[in-house]
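All remarks here apply to the structure that follows.
The values are calculated or read from the model by the stated rules, or taken from the named source; none is laboratory data. Being a predicted model, the structure only gives us computed values, none of them experimental. Quick reminder, even Gly has a Cβ in these numbers, built from the backbone with ideal geometry, and neighbours come from all protein chains shown.
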Amino acid sequence: MGSSWKATVLLTWLLAAESVHGLPQSQPIGSVAESILEQTATEPSTAFKTQYPPSNSEARVLIPEASPIYRIALDTEGHPAEPPFPSTNVIRVLDGIADLLSPDNSSANSSLSATSVLPATAPATVASPTDVPSQGASTNLPGPSNDSIANSSLSATSVLPATAPATVASPTDVPSQGASTNLPGPSNDSIANSSLSATSVLPATAPATVASPTNVPSQGASTNLPGPSNDSIANSSLSATSVLPATAPATVASPTDVPSQGASTDLPGPPDDPDSPSDMDDQDVFEPVATNAPPANIKARHDHPVKNLHANTSKPIETNKFYAGLFLGTQTNASFTQPYSLSWSRGQGTLKSYGVGVSHLEAKVLAFGPKNDKLPGRPVEYYINPVGLQHIVLSATELDKKSVLGVEKPRAFSAHAVLKRSASSDQSITFPVVQGMGYITGIYNRLQPLIESGVFFRKVVRAGSPKSGIFKYQVALEDGTHWVLYVTPNDGNDPNLKLVSKSSIRGTHGFSGTIQIAKNPAGKSGEKFYDNSAGVYPVSGHITGSVTGDAGSYSLAWTKAGKHAHRTPLIMFALPHHVESFDDGTAARVTSIHLRSTTKGNATAVIGDSWAMVEPDLPVDMGFAPWSATSGNVHALSPQAKKAIVEVAPYELQQNISEQSNLNSMYYSGKALSKFATLVWTVSQLGGDLHAASDAFKELKTSFARFVNNQQEYPLAYDSVWKGVVSTAGYKGDLNQDFGNTAYNDHHFHYGYFIQAAAIIGSLDSSWLDQNKDWVNMLVRDAGNSVENDPHFPFSRAFDWFNGHSWAKGLFESYDGKDEESTSEDTMFAYAVKMWGRTIGDASMEARGNLMLGIMRRSLDNYFLMRNNNINQPSKFIGNKVTGILFENKVDHTTYFGNSLEFIQGIHMLPLLPNSAYTRTPQFVAEEWEAMFAPNASTPADKVKGGWKGVLFANLALVNPKASWSFFAQHHFDYSWIDGGATRTWYLAYAAALGGL
């Protein structure tokens with residue numbers, strides 16, 4: 001009854017009034033009345049007025065002067081066009097196996113589907129490490145003869161059985177000059193013309209015995225071990241789902257029979273319970289790692305190439321966060337709080353304003369790239385949001401070219417942008433820039449408000465007061481969008497905002513107080529929610545989290561300020577992965593207000609000062625062994641698989657660890673150390689061969705010590721300007737060196753590999769930890785610190801706890817904001833943190849790594865690894881399956897180092913580690929393989945060249961481990977298919993474990 005009376009009074013007043021302020025006589029009174037009846041002011045007022053720009057009616061529908069700008073070109077600053085693994089001289093890497101290389105190319109002209117793999121024979125006998133291949137020797141290891149796979153036709157998922165390799169002579173039976181070691185395989189007709197139904201399975205054959213690694217054939221002896229004879233597979237026909245079981249690998253001579261020359265046996269055996277996680281009972285995930293200074297040999301430098309001119313703090317500065325555009329370079333690039341973005345206008349654009357522009361972009365203004373006709377569904381190559389659209393600008397009449405912008409209180413979830421009339425003036429507007437904030441808030445100090453729009457105002461309706469001391473305006477723009485504006489003067493007086501032109505609203509001189517603006521897509525119901533929270537705003541964000549058992553939880557909470565703050569709840573926007581994981585209490589506070597984010601689907605407004613999220617099924621049991629959700633850690637390989645792994649390992653254990661890791665790049669060096677640490681662990685723990693791994697383990701520790709002692713080509717330095725540990729490579733004038741490490745690019749990638757390697761070394765030799773723990777902890781603190789009060793490093797430099805993943809871009813100005821190119825290396829960092837925490841007994845660190853993995857599993861599924869049912873990325877883009885490079889403002893299906901499909905997809909695969917099966921879901925992997933790398937796809941995996949081929953087939957183990965095993969177990973294996981950060985040994989173990997082979 002009361003609301004009806006209010007509406008009647010308002011309508012009567014409107015109809016009786018001679019005019020409405022600024023209303024042309026041609027405007028229908030009814031439309032104004034309707035808009036006012038929809039407003040939700042809590043009290044009637046005689047101040048309800050609609051203002052239109054003081055011009056004729058035609059001017060109100062002019063096309064806005066401010067045109068959107070689409071910056072399509074890929075900004076490569078800080079990203080040299082280098083692949084994620086260094087070029088490797090395979091001949092040098094395979095030092096000592098020249099005598100085993102086949103003189104012919106026995107697999108030439110073979111036609112294999114992407115997942116169909118011919119019978120793999122056991123690897124050839126390994127030569128002594130002292131045997132150096134001759135100049136130009138092939139890296140192919142012998143396998144089936146040329147005709148054995150000729151004209152074979154295999155379907156996408158069919159896999160032929162890996163036949164047993166032939167028996168090789170014992171160590172004492174060395175063939176004479178020219179003697180052949182070929183032993184017969186199955187007869188010519190044994191498989192010829194066979195026709196297998198979709199579910200038929202052939203029995204596995206028995207393995208043969210393979211000589212020990214010390215057996216070296218005499219000069220000229222052939223080491224070809226035959227697969228099926230020429231006609232044995234010819235014209236065979238296998239259905240799409242028929243799978244022939246891989247036969248057991250060859251029997252390998254006992255490692256204790258013939259130890260290599262000088263081999264040490266002091267490598268520790270497996271611990272009692274190598275994958276035992278720490279007990280988690282409400283374990284705080286944000287306990288400090290350490291707060292001491294970096295090791296003394298990490299010298300401080302005070303001359304960072306990127307000067308800090310605008311971030312006003314003596315504390316460690318967040319280099320990789322969403323608001324870096326406020327203090328880098330021109331200071332005019334956007335800060336993406338989601339769903340809004342803010343940027344300092346600085347006299348640019350058609351408005352020539354010096355205020356802070358606010359933008360929110362609808363899907364209709366997106367620009368899309370060309371379609372890729374080679375992929376199913378013809379997805380577009382990129383989509384991009386425009387820049388330069390200034391929907392609302394919060395400014396002041398006094399601001400001009402002398403105005404300056406500084407950044408105060410830069411923290412993980414927030415910063416304050418302080419826009420001063422001049423450097424020496426105390427007249428200012430302070431903008432708390434907080435992730436997810438519901439309003440953009442300007443805190444004015446003695447300035448005349450100037451509120452502008454590059455889209456143009458259609459009308460401004462003064463809409464009463466939702467609360468005592470707060471004045472409300474409804475704003476309609478020419479693009480058809482509706483906004484609400486709240487003014488809270490410190491003195492309580494009427495702000496008397498006037499619409500003076502189609503682009504400008506002015507207030508009174510000397511105004512002090514707050515002005516808040518928010519976009520309202522939800523009509524009357526949405527406006528009620530905004531009214532309810534008007535006057536308050538967040539000033540900073542904080543996070544807490546814990547793990548109990550295999551369940552993690554974390555909470556985001558905000559410190560707030562403003563009118564009636566003690567009794568007024570905040571309104572904040574949540575991203576899709578937040579909403580999915582809300583606990584019941586938080587889910588009950590979700591509203592009907594939805595605004596599109598720039599690259600992560602719709603954001604949803606939530607009432608309250610904090611959110612609680614839950615992540616179940618954390619991989620707390622995951623250790624160093626291959627892991628799957630169904631089997632957990634897999635240590636118990638079959639005897640045959642274990643022996644085959646030990647047989648292959650000598651090829652890679654004899655590589656020069658020092659040479660491969662002593663590089664001018666922290667990234668490449670870390671990858672090499674991680675590779676060899678994983679290799680040593682695989683051979684000693686899964687293969688059970690302590691002898692074979694012992695020498696490599698010693699060399700691994702020696703190579704790691706080079707970095708702990710800071711004796712690498714470009715030593716690390718402690719940067720006292722931004723506060724972090726950086727490579728000194730970029731101090732020589734080129735910040736692109738080492739992928740921009742000096743400017744804080746990719747630290748979680750670079751240092752994650754070192755941390756993962758250290759976790760393995762320390763687990764195998766606990767005495768090693770005493771002299772190395774502080775150095776490794778330093779890397780953890782730099783890339784992923786756990787506390788805000790560490791005086792030496794900022795909190796969580798890379799991982800963004802709001803967005804649910806890391807940002808790789810550091811101190812490089814970018815109009816598209818921060819970006820992430822490799823989700824798999826991001827998850828590798830979390831895994832490395834988890835395992836290092838377990839190794840050193842830091843339960844909080846271990847729990848934090850587990851929680852990060854849980855959050856990333858959800859966020860990657862929502863935003864990066866796009867299943868067919870993805871709803872957060874544009875439908876015309878999801879056919880790319882991975883985002884490529886996801887920026888804050890655009891998504892581009894490419895890489896910084898090339899556009900080949902295996903590059904784009906593969907950079908989201910490597911490194912294949914135990915965590916891969918957790919964050920890359922089987923459904924996604926299967927969809928991606930079918931769309932991209934199946935035999936009938938645009939880029940069949942078996943046609944891919946170089947190390948990417950190995951990456952693709954290792955990834956295949958997540959859904960078809962038998963096919964993956966068969967690929968890596970095949971005879972005549974070409975080691976150029978293994979990238980510089982991986983080993984064939986690990987890939988074999990990985991596939992065998994996941995497939996139960």
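Annotation note: Cβ proximity below 8 Å between a residue of segment 294-309 that is under 17 Å from Gly325 (Cα atoms) and a residue that is among the basic types (Lys, Arg) and assigned to a loop (DSSP other than H, G, I, E, B) (sequence gap 6+ or interchain) occurs for no pair.
Among the residues of segment 542-562, what is the count of those that are part of a strand (DSSP E or B), more than 27 Å from Ile443 (Cα to Cα) and of a type outside the set (Val, Ile, Thr)?
Residues flagged as part of a strand (DSSP E or B), more than 27 Å from Ile443 (Cα to Cα) and of a type outside the set (Val, Ile, Thr) within segment 542-562 amount to 7.
Yes or no: Tyr718 of a type in the set (Ser, Thr, Tyr), touching a helix residue (DSSP H, G or I) at 6+ places or on another chain (Cβ under 6 Å) and either over 20 Å from Leu912 (Cβ atoms) or surrounded by fewer than 23 Cβ atoms within 10 Å (Cβ to Cβ) (or both)? Quick ask: steps written out before the conclusion?
Working: of a type in the set (Ser, Thr, Tyr): yes; touching a helix residue (DSSP H, G or I) at 6+ places or on another chain (Cβ under 6 Å): no; either over 20 Å from Leu912 (Cβ atoms) or surrounded by fewer than 23 Cβ atoms within 10 Å (Cβ to Cβ) (or both): yes.
Against the criterion (of a type in the set (Ser, Thr, Tyr), touching a helix residue (DSSP H, G or I) at 6+ places or on another chain (Cβ under 6 Å) and either over 20 Å from Leu912 (Cβ atoms) or surrounded by fewer than 23 Cβ atoms within 10 Å (Cβ to Cβ) (or both)), Tyr718 does not qualify.
Please work out which residue is surrounded by the fewest Cβ atoms within 10 Å (Cβ to Cβ), limiting yourself to segment 520-537 and to residues that are of a type in the set (A, V, I, L, M) and under 21 Å from His391 (Cα atoms). If we take residues in segment 520-537 being of a type in the set (A, V, I, L, M) and under 21 Å from His391 (Cα atoms), then Ala522 is surrounded by the fewest Cβ atoms within 10 Å (Cβ to Cβ). Tallying residues that are touching a residue at least 12 places away in the same chain (Cβ under 8 Å) and either β-branched (Val, Ile, Thr) or part of a helix (DSSP H, G or I) (or both) within segment 707-736 yields 9.
Give me the residue from segment 944-960 that is aliphatic (A, V, I, L, M) and not in a helix (DSSP H, G or I) and, out of that set, surrounded by the most Cβ atoms within 10 Å (Cβ to Cβ). Give the derivation first.
Narrowing segment 944-960 to residues aliphatic (A, V, I, L, M): 944, 951-952, 954, 956-959.
Restricting the remaining residues to those that are not in a helix (DSSP H, G or I) gives 944, 957-959.
Numbers: Val944: 21, Ala957: 28, Leu958: 23, Val959: 23.
Across segment 944-960, the extreme among qualifying residues is Ala957.
Residues that are within 25 Å of the chain's Cα centre (by Cα) and hydrophobic (A, V, I, L, M, F, W, C) were ranked within segment 956-970; the one that is farthest from Leu994 (Cα to Cα) is Leu956.
Being at pLDDT 95 or above and surrounded by fewer than 23 Cβ atoms within 10 Å (Cβ to Cβ) is the requirement here; does Ser424 meet it?
Details: at pLDDT 95 or above: yes; surrounded by fewer than 23 Cβ atoms within 10 Å (Cβ to Cβ): yes.
For Ser424, the condition - at pLDDT 95 or above and surrounded by fewer than 23 Cβ atoms within 10 Å (Cβ to Cβ) - is met.
Being under 27 Å from Asn850 (Cβ atoms) and touching a Pro at 6+ places or on another chain (Cβ under 9 Å) is the filter here, so list the residues in segment 882-910 that pass it. The answer is Gly906, Ile907, Leu910.
Report yes if some residue within segment 556-563 is surrounded by fewer than 21 Cβ atoms within 10 Å (Cβ to Cβ), under 20 Å from Pro432 (Cα atoms) and under 29 Å from the mean Cα position of the chain (by Cα); otherwise report no.
First pass over segment 556-563, keeping only residues surrounded by fewer than 21 Cβ atoms within 10 Å (Cβ to Cβ): 557, 559-561, 563.
Subset that is under 20 Å from Pro432 (Cα atoms): 557, 559-561, 563.
Still in the running and under 29 Å from the mean Cα position of the chain (by Cα): 557, 559.
Within segment 556-563, one or more residues are surrounded by fewer than 21 Cβ atoms within 10 Å (Cβ to Cβ), under 20 Å from Pro432 (Cα atoms) and under 29 Å from the mean Cα position of the chain (by Cα).
Screening segment 332-406 for strands (runs of 3 or more DSSP E) wholly inside it with 2 or more residues that are of a type in the set (Val, Ile, Thr) and modelled with pLDDT of 95 or more returns the ranges 356-359, 392-396. Among residues of segment 478-493 that are at negative phi, those with a Cβ under 6 angstrom from a residue that is among the small types (Gly, Ala, Ser) and in a loop (DSSP other than H, G, I, E, B), sequence gap 6+ or separate chain, pair up as Tyr486/Ala534; Thr488/Gly535.
Any residue at all in segment 785-801 that's closer than 30 Å to Gln685 by Cα and among the small types (Gly, Ala, Ser)? Before you say what the answer is, go through the steps one by one.
Step one: filter segment 785-801 for residues closer than 30 Å to Gln685 by Cα, giving none.
No: zero hits.
Given the criteria surrounded by fewer than 24 Cβ atoms within 10 Å (Cβ to Cβ), among the small types (Gly, Ala, Ser) and assigned to a helix (DSSP H, G or I), does Ser964 qualify? Walk me through how you get there before you give the answer.
Working: surrounded by fewer than 24 Cβ atoms within 10 Å (Cβ to Cβ): no; among the small types (Gly, Ala, Ser): yes; assigned to a helix (DSSP H, G or I): yes.
Against the criterion (surrounded by fewer than 24 Cβ atoms within 10 Å (Cβ to Cβ), among the small types (Gly, Ala, Ser) and assigned to a helix (DSSP H, G or I)), Ser964 does not qualify.
Among the residues of segment 801-824, those identified as charged (D, E, K, R) and either in contact with a His (Cβ under 7 Å, 6 or more places away or on another chain) or more than 15 Å from Ala783 (Cα to Cα) (or both) are Glu813, Asp816, Lys818, Asp819, Glu820, Glu821. Going through (1) of a type in the set (Ser, Thr, Tyr); (2) out of contact with any Asp or Glu (no Cβ under 9 Å at 6 or more places or on another chain); (3) touching a residue at least 40 places away in the same chain (Cβ under 8 Å) one by one, Thr599 falls short only on (2). On the stretch given as segment 811-829, residues that are aromatic (Phe, Trp, Tyr) and over 20 Å from Ser674 (Cα atoms) total 2. In segment 766-778, the condition of being surrounded by 24 or more Cβ atoms within 10 Å (Cβ to Cβ), assigned to a helix (DSSP H, G or I), among the polar types (S, T, N, Q) and at pLDDT 95 or above is met by no residue.
Within segment 353-375, the set of residues being closer than 16 Å to Ala417 by Cα and small (Gly, Ala, Ser) comprises Gly355, Gly357. Condition first: part of a loop (DSSP other than H, G, I, E, B) and more than 30 Å from Asp621 (Cα to Cα). Can you find one or more residues in segment 918-929 that meet it? There is no residue in segment 918-929 that is part of a loop (DSSP other than H, G, I, E, B) and more than 30 Å from Asp621 (Cα to Cα).
Residue by residue through segment 418-470, note down the ones that are touching a Gly at 6+ places or on another chain (Cβ under 8 Å), in a strand (DSSP E or B), farther than 17 Å from Val407 by Cβ and not β-branched (Val, Ile, Thr). Scanning segment 418-470 gives Tyr444, Arg446, Leu447, Pro449, Leu450, Glu452, Lys467.
Modelled with pLDDT of 95 or more and buried (at least 19 other Cβ atoms within 10 Å of the Cβ): does that describe Gly585? Write out each step before concluding.
Details: modelled with pLDDT of 95 or more: yes; buried (at least 19 other Cβ atoms within 10 Å of the Cβ): no.
No.
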